[in-house]
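Worksheet for the structure shown next.
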Amino acid sequence: MGQVIIFDHPLIQHKMTILRDKKTGMKEFRELVYEISLLMAYEVTRDLPLQDVEIETPVAPSTGKVLANGLGIIPILRAGLGFVSGMQEVMPTAKVGHIGLYRNEETLEPVEYYVKLPSDFAQRVLVVVDPMLATGGSAAAAISLLKDRGAKKIKLMCLIGSPEGIQYIQDEHPDVDVYLGALDPKLNDHGYIVPGLGDAGDRLFGTN
Ligand code: PRP
Ligand code: URA
């Protein structure tokens, strides 16, 4: 079964509280998502495989370590875009693939509208990013899409998850580790995370 890693770092918890506050405006919200994604990126990449390389320092030959696989950042549009620049800051050679999904507001089922992936994405360790893991439908659909096209190693990184969302990912994709800034208690009747932070896409892009 994949692991669920919930970040308890004080800096992340502090920033998450400001992010959740409805008084926090679009600019500060966007900056906080960027800052949290920087902090989360270190933990998400902690177990990436390394390989030895021979180099010469100015003083002597030496064996160093470099990442064995390339990385891919896969934002689920729209709100996942908020994570991309922070992740790229930490992983500048990571390629970015986009998956466009929105939730049908009545059925809460994900609807796919766009997919553009790097040609070598299947050889990369992929980190699917989306601020909200609510029913889990969108993240599970994005992961299925990647697996159907050949992806082997996938991680999921979200700001806030729900118990229902985690259960759904573990049922559908037991091989995928889930990284969360916080785990909230429940969903409301509209499929929103409670207390959550509201609509992540609207708060990032000012569309509410
Ligand atoms: C939000 C969020 C996730 C999804 C989570 O996107 O960014 O993608 O809902 O819900 P789920 O776990 O129940 O699938 P939304 O559909 O609002 O699209 P947007 O990012 O374009 O605003
Ligand atoms: N999508 C969001 O943006 N927020 C939620 O709480 C649930 C789904």
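The values are calculated or read from the model by the stated rules, or taken from the named source; none is laboratory data. Quick caveat: nothing in here was measured; it's all calculated off a predicted structure. When we count neighbours, we look across all protein chains shown, and the Cβ atoms used for this are built from the backbone with ideal geometry, even at glycine. What goes into the accessible areas is simple: the full protein's heavy atoms, side chains included, and nothing from ligands, DNA or RNA. Shrake-Rupley method; radii C 1.70, N 1.55, O 1.52, S 1.80 Å.
A few comments on the model shown:
- Lone qualifier among GLY196, GLY181, GLY150, GLY201 - being open to solvent by less than 10 Å² (accessible area, probe 1.4 Å), modelled with pLDDT of 95 or more and part of a loop (DSSP other than H, G, I, E, B): GLY196
- Taken together, LEU117, LEU108, LEU32, LEU81 contain a single residue that is modelled with pLDDT of 95 or more, open to solvent by 30 Å² or more (accessible area, probe 1.4 Å) and either on the phi > 0 side of the Ramachandran plot or within 16 Å of ligand 2 (Cβ to nearest atom) (or both), which is LEU81.
- Residue satisfying condition, being small (Gly, Ala, Ser), open to solvent by 10 Å² or more (accessible area, probe 1.4 Å) and more than 11 Å from ligand 2 (Cβ to nearest atom), within set SER144, SER138: SER144
- Selection of the range 104-125 for residues being over 12 Å from ARG149 (Cα atoms) and aliphatic (A, V, I, L, M) yields LEU108, VAL111, VAL125.
- If you go through the range 153-178 and keep only what is closer than 19 Å to ARG20 by Cα and open to solvent by 40 Å² or more (accessible area, probe 1.4 Å), you end up with just PRO163.
- Residue check for ALA122: part of a helix (DSSP H, G or I) and buried (at least 24 other Cβ atoms within 10 Å of the Cβ): no
- Any chance PRO92 is open to solvent by 20 Å² or more (accessible area, probe 1.4 Å) and of a type outside the set (S, T, N, Q): yes
- Pairs, first within 22 Å of VAL44 (Cβ to Cβ) and without any contact (Cβ under 8 Å) to a residue 24 or more places away in the chain in the range 163-192, second open to solvent by 60 Å² or more (accessible area, probe 1.4 Å) and among the aliphatic types (A, V, I, L, M), C-beta under 9 Å, six or more apart: PRO163/LEU183
- Listed by first and then second residue, the pairs linking a residue in the range 137-154 that is free of Cβ contacts under 8 Å to residues at least 40 places away in the same chain to a residue that is surrounded by fewer than 22 Cβ atoms within 10 Å (Cβ to Cβ) and among the polar types (S, T, N, Q), with Cβ atoms under 9 Å apart and 6 or more places separating them unless they lie on different chains, are GLY150/GLN123; LYS152/GLN123.
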